[in-house]
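No lab work stands behind these numbers, since they all come straight from the coordinates. None of these values were measured; they are calculated from a predicted model. Please note: Cβ atoms are built from the backbone with ideal geometry, for glycine as well, and neighbour counts cover all protein chains shown.
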Amino acid sequence: MNRAFILSRPLDYWMAILCAGRLNSQGWTAQIMIDLTEWQVQPLGSVCASYNPKGRGMLGNEVAEGIMRGMLDHSQDGDLIAKFDCDIWLSDAASEWLQSGEIARCFKLKRPHRDDLEWGGCWAAKREQVVNALAFENRKCRCPESVLNLIALQNTGGFEMHDSFFATEYFIGDKRSDVSTTPITRKYPRMEIAVALFDTLT
């Protein structure tokens, strides 16, 4: 089974629902994954993981390892499992590619006037590789969980990135790329942009 785990904090839950709906339509079994310590009531159909986010950022080894552990707790041997931020829109072609790798797969992030870099907003791997990645002793730092998990995957079988599907920041009025996400900086109206990103009529 191809399982997609969508990270959601309380303010982003509505966005995670939109993301899950799109991924389910593309053949994933998508579930929203929360840390119950942030919620008064567990949303119906969600799964829980203990990744203990603190503040706005999802930073540090505890968070990274908690996400992988949650993905393993809610999957089975032989599954392909994927981590998604809640604000990611994939084209059908990009989704199909992410579901078909023998080793872990992710995308490069393309940003104006900067070098392209590997991006952990979403990634997928066979469950067996994630077992090994969780056991990998990563360096201790306050890096984003996405960076730490890609380092662990790289050191336990590696990962590959598509040659032409790049993650890009989406702004209202833009044409979506094959991998689109809301702006990384907080100076833009993220909620309004997310509504436009997942609008099925545009």
Requested in this report: May I ask you to sort Ile103, Ile151, Ile34 by Cβ crowding, counting other Cβ atoms within 10 Å and putting the fewest first?
Outcome: Ile103, Ile151, Ile34
Report task. Please report Ile6, Ile172 as a ranked list, fewest other C-beta atoms within 10 angstrom at the top and most at the bottom. Result -> Ile172, Ile6
Query raised in the report: Based on the Cα atoms of segment 71-182, what semi-axes does the equivalent ellipsoid have, where each is the square root of 5 times one gyration tensor eigenvalue, given in whole Å with the largest first?
Result: 24, 17, 12
Query raised in the report: By count of other Cβ within 10 Å, fewest leading, how are Cys86, Cys143, Cys106 ordered?
Result: Cys143, Cys86, Cys106
Report summary line: Farthest towards the positive end of the dipole of segment 2-197, among Val63, Cys122, Leu98 and with Cβ unit charges of +1 on Lys and Arg and -1 on Asp and Glu, lies the Cα of Val63
Report summary line: Per the C-alpha gyration tensor (a ≥ b ≥ c, the square roots of its eigenvalues), segment 33-88 is rounded if a/c is under 1.5, else prolate if a/b beats b/c, else oblate; here it's oblate
Query raised in the report: Within straight cross-link reach of Lys54, meaning Cα distance under 13 Å, which aspartates and glutamates are found once same-chain residues fewer than 8 apart are removed?
Result: Asp35, Glu38, Glu62, Glu145
**Report entry** Answer label, with Rg/Rh (Cα atoms, Kirkwood Rh) calculated from the coordinates and candidates (1) 1.09; (2) 0.93; (3) 0.96
**Finding:** (2)
